[in-house]
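In what follows, a structure is listed as structure tokens, so that the remarks can point back to it.
No lab work stands behind these numbers, since they all come straight from the coordinates. This structure is a prediction, so every number in the text was calculated from the model and none was measured. FYI the Cβ positions are ideal-geometry reconstructions off the backbone, even for glycines, and counts take in every protein chain you see.
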Amino acid sequence: MMTAEHILKEKDRPMITIESGATVMDAVQIMKKNNVGSIVIKDGNTIVGLYTERELLFNVTDPAFDIHKACLREYMVEDLNCAPHDASIHQLQDNLLGKCLRYVLIQKEGKTIGLISAGDVTRADLVEHEKTLHSVSWAYYEDWKWSKKK
């Protein structure tokens, strides 16, 4: 079965990061350029938060919010969701769905190696199901007929 690390390798995309002192506008521009819905916030080499489209949606409704001046460290999500690199698709789904989250950081040997979205996990699950269906010998079922009940 596919693991979190396999999903990251198939995704083949680096984790997009920005420093915590940057503005929300800086983050949004990088997210747009990279066509992603989230960005990992760092202080030096340490991951300290996450900023997503959802945070932006909630922030813009605040009349005091100025996207050009708002500092990421004041608006980022700090309660980060993590999973081990060897977590299965089902464990990742349980983690994301159980906590109503859209992103999970993947860790290996004490280091964060990537970020996976709920969409990434759903895609991996569908790929696994497709592989299973193609591995089934349909010959057994070709002449399978149900008799009608009278």
query: Within the chain, what is the number of lysine pairs with alpha carbons under 27 Å apart, leaving out pairs fewer than eight places apart on the same chain?
result: 29
- line: Rounded to the nearest 5, the percent of antiparallel DSSP beta bridges in the range 1-85 equals 75 percent
- line: Here the net charge surrounding A83, from other residues whose Cβ is less than 13 Å away from its Cβ (Lys, Arg +1; Asp, Glu -1), is -2
message: On C-alpha positions alone, give me the angle between the axis of helix 118-135 and the longest principal axis of the chain, in degrees, nearest 10.
response: 20 degrees
statement: In the list (i) 27, 20, 16; (ii) 40, 18, 13; (iii) 24, 20, 17, the entry giving semi-axes √(5λ) of the Cα gyration tensor in Å computed from the coordinates is (ii)
- line: Row for the range 41-97, column shape: gyration tensor on C-alpha, a ≥ b ≥ c, rounded if a/c < 1.5 i.e. under 1.5, prolate if a/b over b/c, else oblate; value oblate
field: Neighbour net charge for C100 - beta-carbon separation under 14 angstrom, K R +1, D E -1
entry: +1
message: So if I place +1 on the C-beta of Lys and Arg and -1 on the C-beta of Asp and Glu, and nothing else carries charge, what would the dipole magnitude of the chain be about its Cα centre? I want it in debye, nearest 20.
response: 660 debye
task: Report, to the nearest 10°, how far helix 89-98 tilts away from the longest principal axis of the Cα atoms in the chain, using its own Cα long axis and a range of 0 to 90°.
output: 50 degrees
task: Can you tell me how much longer the chain between I113 and S137 gets when fully stretched, taken as 0.36 nm per residue apart minus their C-alpha distance, in nm with one decimal?
output: 4.8 nm
